[in-house]
Amino acid sequence: MCIGLSGIISSKYRIFIHPSSDSHTDIKEKFNLNDNLFYGATRDFVKLELHPLLSLESTNEKDWEFIIDDDSILPKWFMKDEAKKTFLREGMEVIKEGRYSGHWGGSLYLRNTNITSLPENLSVGGDLYLSNTNITSLPENLSVGGEIYRD
């Protein structure tokens, strides 16, 4: 499930974002990140997301909520404040430079957000959840592979 921009941060605080996918699995495959742990091993990365508060296109860091999207025990090297600062900075650059295509391979969950509009050329591979938002119209070129849920 994705609500915004997905990424992975490594133990060296390097950010990995797949511009055309919201899937942490796709990101791991694209950048050859291994999460197969052996006895006593510490994972080298943590899955993160940025959830939009007002707009999917905003480049203002304050318009995004930082989420640790990892159900594993966080490794000792992980520092939340450093990860947040690094991921927000890189995520905003991805959006500013147009490297993020606005394509969600899976479903896009925007319910209960303050988002008021969707960007042009938005493509959602799965379902689009818009219940309890202030979105009053959809862009003409919106592509949704599944269903659109408004209420």
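Throughout, read-outs are computed from the coordinates displayed, never taken from laboratory work. As the structure is a prediction and not an experimental result, all values here were calculated from the model. So basically every Cβ, Gly included, is an ideal-geometry build from the backbone, and we count neighbours across all protein chains shown.
Observations
- Only Lys, Arg (+1) and Asp, Glu (-1) charged, at Cβ; the chain dipole about Cα centre in debye: 500
- FRET efficiency for the THR59 to THR25 pair, using the beta carbon distance and R₀ = 25 Å, is estimated at 0.40.
- Residue order, fewest to most surrounding Cβ atoms within 10 angstrom, among MET92, MET79: MET79, MET92
- Mean ellipticity per residue at 222 nm, deg cm²/dmol - from DSSP H runs of n ≥ 4 across the chain, formula -39500 (n - 2.57): -5000 deg cm²/dmol
- Alpha-carbon Rg/Rh ratio, for region 57-151, with Rh computed the Kirkwood way: 1.01
- Long-range lysine pairs (8 or more apart or interchain), the chain, Cα under 19 Å: 21
- Whole-Å semi-axes of the ellipsoid equivalent to region 5-96 (Cα gyration tensor, √5λ, descending): 23, 14, 10
- Ordering THR42, TRP104, SER21 by the projection of their Cα atoms onto the charge dipole of the chain, which places +1 on the Cβ of Lys and Arg and -1 on the Cβ of Asp and Glu, puts THR42 at the extreme positive end.
- In the chain, the DSSP beta bridges split such that about 60 percent are antiparallel, to the nearest 5.
- A Förster radius of 35 Å combined with the Cβ-Cβ distance from GLU140 to ASP35 puts the calculated FRET efficiency at roughly 0.30.
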